[in-house]
Structures are given as C-alpha cells and as structure tokens.
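The values are calculated or read from the model by the stated rules, or taken from the named source; none is laboratory data. Worth saying up front: this structure is predicted, and the values here are computed from it rather than measured. All Cβ positions, glycine included, derive from the backbone under ideal geometry; neighbour counts span all protein chains shown. Keep in mind that these areas ignore ligands, DNA and RNA; they rest on the heavy atoms of the full protein, side chains included. Shrake-Rupley method; radii C 1.70, N 1.55, O 1.52, S 1.80 Å.
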Amino acid sequence: QVQLVESGGGLVQAGGSLRLSCATSKRTFSTSTMGWFRQAPGKEREFVAAISGSGGTIYYSDSLKSRFTISRDSAKNTVYLQMNNLKPEDTAVYSCAADPSSIKLRAGKAGSWGQGTQVTVSS
C-alpha cells in the first residue's frame, strides 16, 4: 500500500509558475523511480518527467523539458515538479507515480499512483 500525496496545484495565469509536490514513504522514495503524468479533458494521459531513486537519472518529455524540472528531497521523501512559463495547454490533472521499474513508470504502467492535483492555466 504505497501512498503518494500530491499538493501544489491551483489556478495561475499564463506565464506563471507552480511547484507540485509528491510526498511518500522513505522506503518508496529510496527504492522507486518516481514521476509525473498529466491528463487533460478528452486527451490521453501524457508522461511529463521522472527521476530515479538515487536521483542520478532524470527523464523528461521532449516537449516539456525546457519549462519543467523534476527533483527529489531526501529529507522530506518528496518529489517536486517545478513548472515555469505555464501555458493554457498545460491545464490538466497532474498525477504522481512510483514504480521500481523506470521503464514501466514511463510507459504509464506504474504500480502506484497519487490522487492527482488540478492545474489550471488561464489565458
């Protein structure tokens, strides 16, 4: 029963920034690749970014890597997604995921998912 608790979503104007947080247990944090997906209404779920348990390997969506940054804080067992220069098309539910396999996680097949947090970007 892996718990992933997301926070940080909200409403921002285009060009603004948000930082999402995903808190989990020490065991999950240290042994799993963790990442973020998003899903807009009527759209397929989209991979955003992921980071390995050690923090040594990072994966980004090619379309988002110039604006989004993923990081880990071992003191808080928390993964962050810093989102800058937000655009209306970034509006979506953002979900945190965790899995021992980075391949499965990036394919959208992670074993654990958070509840999701809404990000809305106004034009």
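Before moving on, here are some points about what is shown:
- In segment 66-123, the qualifying residues are those that are within 17 Å of residue 23 (Cα to Cα), of a type in the set (Ser, Thr, Tyr) and touching a helix residue (DSSP H, G or I) at 6+ places or on another chain (Cβ under 9 Å), and the one that is modelled with the lowest pLDDT is 74.
- All strands (runs of 3 or more DSSP E) inside segment 4-108 with 2 or more residues being open to solvent by 60 Å² or more (accessible area, probe 1.4 Å) and within 18 Å of residue 120 (Cβ to Cβ): 10-13
- Members of segment 8-49 that are over 17 Å from residue 84 (Cα atoms) and among the aliphatic types (A, V, I, L, M): 23, 34, 40
- Candidates are the residues of segment 32-41 that are closer than 19 Å to residue 91 by Cα and modelled with pLDDT of 95 or more; the one that is nearest to the chain's Cα centre (by Cα) is 36.
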